[in-house]
Structure formats: C-alpha cells, structure tokens
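Take a look at the structure below.
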Amino acid sequence: MTEPVIPSSRARVLSGMRPTGKLHLGNYMGALANWVKLQDEYECYFFIADWHALTTDYAGTSEIAPNTIEVILDYLAAGLDPAKSVLFLQSKVLEHAELALLLGMSTPLGWLERVPSYKEMQENLANKDLTTYGFLGYPVLMAADILLYQPDFVPVGQDQQAHVELTREIARRFNQYYLLNGREVLPEPKVLLTPSPKLPGTDGRKMSKSYGNTILMSDPEPVVRQKLKTMVTDPARIRRTDKGDPDKCPVGDLHKVFSTPETLAKVYDGCRSAGIGCIECKGWAADALVLVLQPIQGRRAQFTEAQAVEILEDGSRRARARAEQTMSEVRAAMRMPLAARARR
Ligand code: TRP
Ligand code: SF4
C-alpha cells in the first residue's frame, strides 16, 4: 500500500541529524529549537540519518539503534510534532539508497575529496579507518537525503553549509544530464542558515559530544546543577575578592543565552565588582537552564519508547510516499522506466 501524497502549497524544508546519542543543549539551540519554529510555516521533513552513522561506526554498530531511539525522543521532547512534521528514519526509506547510488554515478571524485570535513574528520578520528568508499561518499548520501524531497530549504548550522553547497552542485550536474519533458527534476535547495548563539560546554570550549562537556536535554536538575558547579569561569577570578568579567567567562555566555535581562544585569554588576561569588552566579545560570529544560523533559516523559518507534514508522511511511514521487520522476528522466515497473 502506498500512501497518498498530500499536496502542499507551503515551501518545503528538510533536515536531519546522525544518531550520536542523547542530544545536548547545543543541538537544541543550534538546530532543534529552530526546526520547531519552522513547523508552522513550512511543510517539514526531519529525519535521523542512521546510515550516515555507519560511515564512521561501521566497525561497531551496536549503539546506532539505541541512539536512534534517544534522538527521536529528543526530537519529540524539543517539540517536533508528528502531526505537523514528517519525522522519519533514513534506513526505512530505501529510496535514499537508490538515489545515492544514481547520484554517485555522475559525482566526480574530486568534488568529494575536496570537501573540507573529509580530511579533517579522518585526522580527528585517526583511531578509525575512514579510508572507505562509504565515508568518501557521505556527501552523496546526504545529497540524496535532501534532493529526494525536492525541498526549497535545508535548515542547517554553518558546519553543514559546505555539504548543502555540494548538494546543489550534484543536483545541477544531474539536471544537466537528465531532464523530464524539458523540466529539471532535482531543484537546487537553498541553505537556511540556523542562527546559533555561542554555547560553551562546561570546559569553556564549544559544547560538543566529542569534548565530553555537554549538558543534555534530558539531564535531570541535580545533574545540571552539578555540571554547572564544575564549569570553568573567568580565570581572573581566583579568589572571591577578585573582580571578573562575564564577557570572559563561559558561565557569563550561558547567562547571555538563557537568563532574563534582570539576572544578566545582576551578573555583570556583581561579577565586575566582586559583589557576588561564582557559586551564586552559577546557581542562577542553573536556574535558567532548568527553566528551559522543564517543558522539554515534560514532553519527553509523555512518550514511551514504543510510541516513539511507532511515530518513526508512521513518518517513514509518509516520507516513502513523497520519496517515491521524486524517484518516479528521476527514473523517467534517466530513461529507466523499467526500474519503476519492476517494483510493483
Ligand atoms: N550531516 C548531517 C550532520 O552530521 C546529518 C545529515 C545527513 C543531514 N543527511 C542530511 C542534515 C540532510 C541535513 C540534510 O549533522
Ligand atoms: Fe563567571 Fe559569574 Fe564567576 Fe563572573 S561571577 S566569573 S560571570 S561565574
């Protein structure tokens, strides 16, 4: 049974994440919070790129499935709503693999070797053998993920911008070779750059899973408070009587993102005059974080794992219907209609 594709006049967006485990505040502020806003204005497709996880973790795959559950729960916790958005799993929509294979035929090797993150990741993850076809092909699979839904926009952070640019080039090349009745079937999507505030982790570096400095969306209040206690501060404030500067302090950066203007004013005054101590200041930052996390964790508690899996299954069915529509155009443009008939 194929589901009917619901026609929509709204512009379409698509984005996704690899299932790396429980998501943190950086993921929330840098992506999810923005996706939640887009739901009301756009026709939205948000997915979990579990095949992409294989490009680096092919030698140990046991965490991918449990991580997928955590990520869909975090999507739902953030406020992504299956009644508004199509939430799906890449590996449940086989058309991603079909289109990736087809796009790979016309993608020059040089384009892939020149992707900035290619060499970089190989160096950063030197403990893994990433001299594989699959890892080199990461951007081709990503192009397929995107182009399959013929989206107008791809909301991503700056780190993914180069990938979307390459997707546009891959689409352009495809359209040069193949047209359907004179029409391009893979329109070039635009990057919708997600504004993301500077969000430091507990060690003062950018919050990132690979630094082990994260505050998770699912961290309970005592854990949040404990993590804040160990967070680094302005190094100038060694003693309680030393004056500091919130602009040179990662805790100050958290206040700028999460605290009210009143609290922020107290932080600036108190820090610069040594009128407050860092412990007190961190307590206020924790208060602000807890306030942000409360509704998120409240939503998360409303879903069982089984329901989350169900939501992914239902979304994947809807995604497949949309993907099939694009693929029938792709197969026809490529003069391979027999491929289409073979699957009935
Ligand atoms: N590369 C993205 C990341 O690491 C994940 C991803 C895969 C993606 N396919 C995508 C993002 C398509 C946007 C669109 O986060
Ligand atoms: Fe940082 Fe606050 Fe301490 Fe100032 S008082 S150094 S802003 S933690």
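Whether any residue in region 263-274 is buried (at least 21 other Cβ atoms within 10 Å of the Cβ) and either over 30 Å from Ala65 (Cα atoms) or touching a Cys at 6+ places or on another chain (Cβ under 9 Å) (or both) is what I want to check. Yes: one or more hits. Go through region 296-331 and give me each residue that's of a type in the set (Lys, Arg) and without any contact (Cβ under 8 Å) to a residue 60 or more places away in the chain. Within region 296-331, just Arg331 meets the criteria. Annotation note: Cβ proximity below 9 Å between a residue of region 227-252 that is over 16 Å from Asp203 (Cα atoms) and a residue that is more than 9 Å from ligand 2 (Cβ to nearest atom) and hydroxyl-bearing (Ser, Thr, Tyr) (sequence gap 6+ or interchain) occurs for Lys243/Ser273.
Without any contact (Cβ under 8 Å) to a residue 40 or more places away in the chain and either within 16 Å of ligand 2 (Cβ to nearest atom) or among the polar types (S, T, N, Q) (or both), is that true of Ser85?
No; evaluated as a whole, the condition is false for this residue.
For region 125-163, residues that are of a type in the set (Val, Ile, Thr), free of Cβ contacts under 8 Å to residues at least 40 places away in the same chain and near ligand 1 (Cβ under 9 Å from one of its atoms) total 0. Evaluated against (1) closer than 12 Å to His24 by Cβ; (2) without any contact (Cβ under 8 Å) to a residue 60 or more places away in the chain; (3) not hydroxyl-bearing (Ser, Thr, Tyr), Met207 falls short on exactly one condition, (2). When every residue of region 88-111 is checked against the conditions, none turns out to be acidic (Asp, Glu), more than 16 Å from ligand 2 (Cβ to nearest atom), free of Cβ contacts under 8 Å to residues at least 40 places away in the same chain and part of a helix (DSSP H, G or I).
Among the residues of region 214-230, is any of a type in the set (S, T, N, Q), touching a strand residue (DSSP E or B) at 6+ places or on another chain (Cβ under 7 Å), within 14 Å of Ala286 (Cα to Cα) and in a loop (DSSP other than H, G, I, E, B)? Even if it seems obvious, please write down each step before you answer.
Step one: filter region 214-230 for residues of a type in the set (S, T, N, Q), giving 214, 218, 226, 230.
From what's left, touching a strand residue (DSSP E or B) at 6+ places or on another chain (Cβ under 7 Å): 214.
Right, trim to within 14 Å of Ala286 (Cα to Cα) and you get 214.
Applying the additional criterion that residues be in a loop (DSSP other than H, G, I, E, B) yields 214.
Within region 214-230 (the criterion being of a type in the set (S, T, N, Q), touching a strand residue (DSSP E or B) at 6+ places or on another chain (Cβ under 7 Å), within 14 Å of Ala286 (Cα to Cα) and in a loop (DSSP other than H, G, I, E, B)), the answer is yes, since at least one residue qualifies.
Considering each residue of region 123-146 in turn, at least one proves to be assigned to a helix (DSSP H, G or I), more than 29 Å from Ala33 (Cα to Cα) and modelled with pLDDT under 95.
Would you call Lys37 away from ligand 1 (no atom under 14 Å from the Cβ), assigned to a helix (DSSP H, G or I) and modelled with pLDDT of 95 or more?
Judged against the criteria, Lys37 is a match.
Right, Leu186: in a helix (DSSP H, G or I), modelled with pLDDT of 95 or more, in contact with a Ser or Thr (Cβ under 9 Å, 6 or more places away or on another chain) and within 15 Å of ligand 1 (Cβ to nearest atom) or not? Judged against the criteria, Leu186 is not a match.
Yes or no, residue by residue, for (1) part of a helix (DSSP H, G or I); (2) within 16 Å of ligand 2 (Cβ to nearest atom):
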| residue | (1), (2) |
| --- | --- |
| Thr241 | no, yes |
| Val267 | yes, yes |
| Ile279 | yes, yes |
| Arg320 | yes, no |
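If only residues of region 169-192 that are β-branched (Val, Ile, Thr) and closer than 14 Å to Leu148 by Cα are counted, the one that is farthest from the chain's Cα centre (by Cα) is Val185.
Collect the residues in region 197-240 that are hydroxyl-bearing (Ser, Thr, Tyr) and either in the same structural domain as Leu103 (by TED's automatic domain parsing) or over 25 Å from Leu14 (Cβ atoms) (or both), keeping them in residue-number order. Quick ask: steps written out before the conclusion?
Kept after step one, since they are hydroxyl-bearing (Ser, Thr, Tyr), are these residues of region 197-240: 202, 208, 210-211, 214, 218, 230, 233.
The answer is Thr202, Ser210, Tyr211, Thr214, Ser218, Thr230, Thr233.
Number of residues in region 174-190 that are touching a strand residue (DSSP E or B) at 6+ places or on another chain (Cβ under 6 Å) and crowded, with 16+ Cβ neighbours inside 10 Å: the value is 1.
For region 225-246, the condition holds for no residue, the condition being that it is within 21 Å of the chain's Cα centre (by Cα) and surrounded by 20 or more Cβ atoms within 10 Å (Cβ to Cβ).
Yes or no: Leu166 within 12 Å of ligand 1 (Cβ to nearest atom), within 22 Å of the chain's Cα centre (by Cα) and among the hydrophobic types (A, V, I, L, M, F, W, C)? Spelling it out, Leu166 is indeed within 12 Å of ligand 1 (Cβ to nearest atom), within 22 Å of the chain's Cα centre (by Cα) and among the hydrophobic types (A, V, I, L, M, F, W, C).
The values are calculated or read from the model by the stated rules, or taken from the named source; none is laboratory data. Treat the numbers as computed from the prediction; the structure is a model and nothing was measured. All Cβ positions, glycine included, derive from the backbone under ideal geometry; neighbour counts span all protein chains shown.
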